[in-house]
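Notes follow the structure.
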Amino acid sequence: MTEDRPLAPLHNRVYGEIVYWITFTSCLICFVGPMFSMIWPDKNAMNPYFTYAMVFEGMTGSEIWMALYGDWPWFHSVWWNNFFTGDGFTMFGITLGTTVAVWALIPTMFVFAGNKQPQYVIFSLIVVFMVIFAASGIVRIG
Amino acid sequence: MSKWLKPPWLELNIMLLFAVVTYLVIFIVVTATPTPEGGMAGGVIWGWLVGFFIISTIIALVATVGGIGGGVLFTPFILAFTPIDSLIARGTGLIVAMFSGLMATGPVCRTGLANVKMCIFLCVAFGVSCFGGAMGAVAVAEHLGEFGEAAVRMLLGLVIGGLILYFIFGGKKIEWPDVKVSDKITRTLDLRQPFYEPSLKKVVDYGLTRMGWLFFGIMFVGTGSGFFGMGAGWAIVPFQNVIAGTPIKVAAANSVVLLGMGDCVAVWPYFMMGALVPILAAPWLAGQVVGGLLGALVLVQIKAGFVRWLLIGLMGFSCWGLITRALSMWNVIERPPHWMNGLVLLILLSFVMVNIVREFRNND
């Protein structure tokens, strides 16, 4: 029966593989990041011992950031400025994973363009721009 | 070479190795390090990290097989059993909803079970409406108040209730709908995509219809998702199946891809509001990735009937939550206690298990 199996289309494989490996990387970072946080608790954007205490006191996210980080600036500046700390590195991993649609759709668009399917290039572009707008913080809710 | 050293088992083993090593190192560190005054004890933090990872893995496994985001299971758990702020819970809930889907995206795309073209097309509707719904939530809260919010919940609950009945009595035509002629949008966008179905041992070339209506249906779901800040897989799967005639396994696979893609948009407003606490979100994310991969491997192999009964159970729990919440907001009933919600979930899962066993016995 194996020879009957149709190969999944190239755009399927390109999109799937990129999402898969970036998500895998993101996951490994989320194992390693908290470990570094606990080994060097004072070399973090927020000390994990106090972070967990405050989370379980029911404090809001911005209250915790204000209390432990001193400020709640633009999201991406936090992981960028604290990249070599446990929680900054974890934040980078989460950011990588939550923007994965952008990194996967850009090469997928080239496959669609090569297959002369411009409608999917346009749909993909719309999704990419939506993620970029959302991740930039330009569009906010509430 | 052993199959455990080949993809995707190799990745799974690497992740499990990382889990064991990192949590072991953290355990050693917290037992050797004194807790700073005012902080949480290191052993307790370790317990939460490991506990969150294990629970997240189980949630992701169930959610991926059903084609839903894990948020529908995660949020009640967190709000019921921990004092964590609801905004942090919802932001982390979206991570839970999306990462099992992201990890499952690889296997279901590789096999051709998921239809990426269909997902990208529907993501345009989902992403835009999700944002619109979230903004609408603010407007409704200001103008219609609690009564309006309860009415929307009741409406959604009744829609889901109707779909459950359709799923129970629809039988085989739900699992493999017979679409004779594809509609114009399907033909224009070249949406058909045959795939090899291991449980049937044959290639399935399914038709699709009413894609325009599905586009608007997904907009409705996206609006609801953004409005209530909850996952949407429980509605995306039946909408694809009922409106467009998508086979249930393809609908479940598309749903996990679409949720992973669409939540890349929806999660950011929460992060921008400071709702991401990295050391809290990390074990949830890791568990979703491990459970999502396991779930995808199961989804590709299992029979469509299993997915249908699992969905009935999960949709039943959502329906119960939506209707009781609406009635309690109207002061018709008291809000059900957590033990009652747990009992309902247990009864529904028992119902699902009995029907799955019965179906497999009949097939044998």
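The values are calculated or read from the model by the stated rules, or taken from the named source; none is laboratory data. Note that this is a predicted model, so its numbers are computed, not measured. Here the Cβ is made from the backbone with ideal geometry for all residues, glycine too, and neighbour counts use every protein chain on show. The accessibility values were calculated without ligands, DNA or RNA, using every heavy atom of the protein model including side chains. Shrake-Rupley method; radii C 1.70, N 1.55, O 1.52, S 1.80 Å.
Peptides B:82-88, B:256-262 ranked from most to least packed give B:256-262, B:82-88, packing being the mean of other C-beta atoms within 10 angstrom over each peptide's residues. Here the label points at B:K6 and A:F83, each 7 Å from Cα along the C-beta direction, are separated by 3.9 nm in the simple model. Over the range B:206-259, accessible surface divided per residue gives 21 Å², non-protein components excluded, 1.4 Å probe. Placing R0 at 45 angstrom, the Cβ-Cβ distance between A:W72 and B:I347 gives a FRET efficiency of 0.55 after rounding to 0.05. Which chymotrypsin sites (Phe, Trp or Tyr not before Pro) from the range A:1-108 combine a DSSP loop assignment with at most 10 other Cβ atoms within 10 Å? Sparse-neighbourhood loop chymotrypsin sites (Phe, Trp or Tyr not before Pro): A:W74, A:F84. Counting only protein heavy atoms and a probe of 1.4 Å, the accessible surface of the range A:13-73 is 62% carbon and sulfur.
Putting +1 on Lys and Arg Cβ atoms and -1 on Asp and Glu Cβ atoms, find which of B:V50, B:L345, B:I356 reaches farthest to the positive end of the dipole of chain B. Looking along the dipole axis, the top candidate is B:I356. Dividing the summed -39500 (n - 2.57) terms of all DSSP H runs of n ≥ 4 by the residue count of chain B sets its mean residue ellipticity at 222 nm at -26000 deg cm²/dmol. Mean per-residue shielding of peptide B:106-113 is 6, counting Cβ atoms of other chains within 10 Å of each Cβ.
Take the Cα of B:T33, step 7 Å toward its Cβ, do the same at B:L17, and the gap between the two points is 2.5 nm. In the range B:187-267, the portion of solvent-accessible area held by carbon and sulfur atoms comes to 64 percent [1.4 Å probe, whole percent, DNA, RNA and ligands not counted]. When GluC sites (Glu not before Pro) are flagged only if DSSP places them in a loop and at most 11 other Cβ atoms lie within 10 Å, the longest unflagged stretch of chain B comes out as B:38-333. Label-to-label distance for B:R335 and B:V203 is 5.4 nm, based on points extended 7 Å past Cα in the beta-carbon direction.
For peptide B:126-132, the mean count of partner chain Cβ atoms within 10 Å of a residue's Cβ comes to 3. For the range A:8-119, the dipole from Cβ point charges (+1 on Lys and Arg, -1 on Asp and Glu) about the Cα centre works out to 540 debye, to the nearest 20.
All alpha carbon pair distances within the range B:212-291 were sorted into 10 Å bins beginning at 0; the resulting P(r) in whole percents reads 16, 43, 29, 11, 0. Pairwise Cα distances in the range B:292-364 exceed 20 Å for 46 percent of all pairs. Charged side chains reduced to their Cβ positions (Lys and Arg at +1, Asp and Glu at -1) give the protein assembly as shown a dipole of some 1640 debye around its Cα centre. Pairs of Lys residues in the range B:173-316 that lie 8 or more places apart, or on two chains, and have C-alpha atoms under 16 angstrom apart add up to 7. Note on A:T25 and B:R361: with the Förster distance fixed at 30 Å, the Cβ-Cβ geometry gives a FRET efficiency of about 0.10. In this assembly, the A-B interface accounts for approximately 7200 Å² of buried accessible surface in total, computed with a 1.4 Å probe and without ligands, DNA or RNA.
Taken residue by residue and averaged, Cβ atoms of other chains lying within 10 Å of the Cβ of B:250-262 number 2. The value of relative contact order for chain A, using C-alpha pairs under 8 Å at least six residues apart, is 29 percent. Dividing the mean sequence gap of close Cα pairs (under 8 Å, 6+ apart) by how many residues chain B holds gives a relative contact order of 30 percent.
Computed from the Kirkwood radius of its Cα pairs, the Stokes-Einstein diffusion coefficient for the protein assembly as shown at 4 °C and 1.567 mPa s stands at 56 µm²/s.
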